[in-house]
Structures are given as C-alpha cells and as structure tokens.
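*Asks:* Before I ask anything, let me first share the structure, which is written out below as structure tokens.
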Amino acid sequence: MITISKEDYLKALAEAEAEGEAVISATLAHWLTVSRPAVTAALKRLKKDGMVAVKGDGRIHLTSQGRQIAERTIFRHHLIERMLSEIFGMPWYEIHEEAERLEHAVSPAFEKKLVEKLGNNDICPHGNSLSLRSPADRRKQGQRLLSEAEAGSGYQVVSVYERDRKLLDFFEGEGIRPNAIVAVKSRNYDGTVSISVEKRTIRLGAPAAEKVWVRKS
Ligand SMILES: [Zn+2]
Ligand SMILES: [Zn+2]
C-alpha cells in the first residue's frame, strides 16, 4: 500500500522530469515544503521499494514502477479537478488543493466511474494538459510564456501554473484565467509587461508573467 507522501514524492519527480528539471533532494524539500531529513528518509524508503534511483551526482530518477504510480496519481488529480469543476461547479482557482488531497483516495472503481461520467478531456480547468507537459512540447505547439510575448500582439491564455494558491487568487482578481484574451501593450525596462485584460491595463512582474502560457489569438 502506497502512502500519501510516497505518491506526492513520485508525482513531484514526474512533474519535474516533464518540465526538464533535474531533481536533487533539496529541490524536493523545497517543493513539498518538508525538511531535508524527511526527504532523505522518504528517498531511502522509495529506493528500497524500487520506485526511485539516485545517481552519483545526487540526481533522483523515477524507475518505471515509480513512474507508473506517479502517472496514475497525476491522472486521478486531473479527474478530480474536472469533477470538482464540471460536476460541482467549484471555482477553477480553488480546485487544485482539493484535488491534491482527494487524488489519494480514488480507487480503481471510482476512477472508472469518473472517466465514464466526465469523458475524455486532456485539459484540466487550469488549461494544463496531461499529454503536453514539457515547455519544449508547448513551444512546438505555438505556445509561449506571457513574459516572452511580443508588444502589440493579442494572445489567448492557454494555461496557468496551478501549484500556487496565492498566485491563482491574484490571477483571478486580475481576470487572467484560461481562455482570457490579453493584449500585450509593452514590455518594460523594469522587466514587467503591460497588458490589457478585461478593458483594464495592468503591469505584471516576471514572477507572475512567467507562470502563464499563451498563444497568439
Ligand atoms: Zn492541480
Ligand atoms: Zn489543473
């Protein structure tokens, strides 16, 4: 029986892999907001169970067994987000945290029911796709980060980074949500970008603009 924290470690590793990031134990401690000794202990267990391999340089890799569990958890997270949004009408910016908790409680039978009920949709309510997870793949599809968008062009928001609740609340307040139309007015010397969204012009700093994928509209 896989415990909650093991699934979370495996999922974090799979997500980092998809984003092309090398993961060492310090990265995991930061991402999962746990102590370094806790990460060391968890990695020891995961290694013993054949879920991860740690290379000589400290980089952590998923084994195929570990990846399988991670992918299952990611899929269940996706289904729960869609359930909360499509069936229960919960606001898009609130569902990620609920899904983080509920994903661990989904049985194979319930997963099957969810798939039957919701149908296939690769896109979650944040606009993130199960199949298109790496920045390189997104760019190949014509997506770019809002922080790199050209002044004078119009864009549609594809997706937003969902693992930061404060950021999502901020985006919702500013009208930046999946499918929103934004016009990039200027890229400024201070690293901010001025955009008009919902008939207002706002300046977004890089920490926020780097968390939004857009495509030309
Ligand atoms: Zn989520
Ligand atoms: Zn999502």
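The values are calculated or read from the model by the stated rules, or taken from the named source; none is laboratory data. Being a predicted model, the structure only gives us computed values, none of them experimental. Because the Cβ atoms are built from the backbone with ideal geometry, glycine has one as well, and the counts that use them run over all protein chains shown. Just so you know, the surface numbers come from the protein's heavy atoms only, side chains and all, with ligands and any DNA or RNA stripped out. Shrake-Rupley method; radii C 1.70, N 1.55, O 1.52, S 1.80 Å.
*Asks:* Identify, please: which residue in segment 5-44 is of a type in the set (D, E, K, R) and closer than 17 Å to GLN68 by Cα and is, among those, modelled with the lowest pLDDT? Break it down into steps so the answer makes sense when it comes.
*Replies:* The initial filter retains those residues of segment 5-44 that are of a type in the set (D, E, K, R), namely 6-8, 11, 15, 17, 19, 21, 36, 44.
Cutting the leftovers down to closer than 17 Å to GLN68 by Cα gives us 6-8, 11, 15, 17.
Working: LYS6: 90, GLU7: 92, ASP8: 92, LYS11: 93, GLU15: 89, GLU17: 86.
Filtering segment 5-44 for residues that are of a type in the set (D, E, K, R) and closer than 17 Å to GLN68 by Cα, the one modelled with the lowest pLDDT comes out as GLU17.
*Asks:* Further question: Hey, could you check segment 155-202 for residues that are away from ligand 2 (no atom under 16 Å from the Cβ) and of a type in the set (Asp, Glu) and say which is least open to solvent (accessible area, probe 1.4 Å)?
*Replies:* Checked segment 155-202; the qualifying residue least open to solvent (accessible area, probe 1.4 Å) is GLU174.
*Asks:* How about segment 58-74: which of its residues are within 16 Å of ligand 1 (Cβ to nearest atom) and out of contact with any helix residue (DSSP H, G or I) (no Cβ under 8 Å at 6 or more places or on another chain)? Spell out the reasoning first.
*Replies:* Going through segment 58-74, the residues within 16 Å of ligand 1 (Cβ to nearest atom) turn out to be 70-74.
Answer for segment 58-74, where residues must be within 16 Å of ligand 1 (Cβ to nearest atom) and out of contact with any helix residue (DSSP H, G or I) (no Cβ under 8 Å at 6 or more places or on another chain): just ARG72.
*Asks:* Within segment 96-151, track down each residue that is touching a strand residue (DSSP E or B) at 6+ places or on another chain (Cβ under 7 Å), open to solvent by 60 Å² or more (accessible area, probe 1.4 Å) and more than 14 Å from ligand 2 (Cβ to nearest atom).
*Replies:* ARG144, GLU150
*Asks:* Still on this structure: Can you confirm whether segment 28-37 contains a residue that is among the small types (Gly, Ala, Ser), without any contact (Cβ under 8 Å) to a residue 24 or more places away in the chain, away from ligand 1 (no atom under 15 Å from the Cβ) and not in a helix (DSSP H, G or I)? Walk me through how you get there before you give the answer.
*Replies:* As a first pass, look at segment 28-37 and keep what is among the small types (Gly, Ala, Ser): 29, 35.
If we keep only those that are without any contact (Cβ under 8 Å) to a residue 24 or more places away in the chain as well, we get 29, 35.
Applying the additional criterion that residues be away from ligand 1 (no atom under 15 Å from the Cβ) yields 29, 35.
This time we only want the ones that are not in a helix (DSSP H, G or I), so: 35.
Looking for residues that are among the small types (Gly, Ala, Ser), without any contact (Cβ under 8 Å) to a residue 24 or more places away in the chain, away from ligand 1 (no atom under 15 Å from the Cβ) and not in a helix (DSSP H, G or I), one finds at least one in segment 28-37, hence yes.
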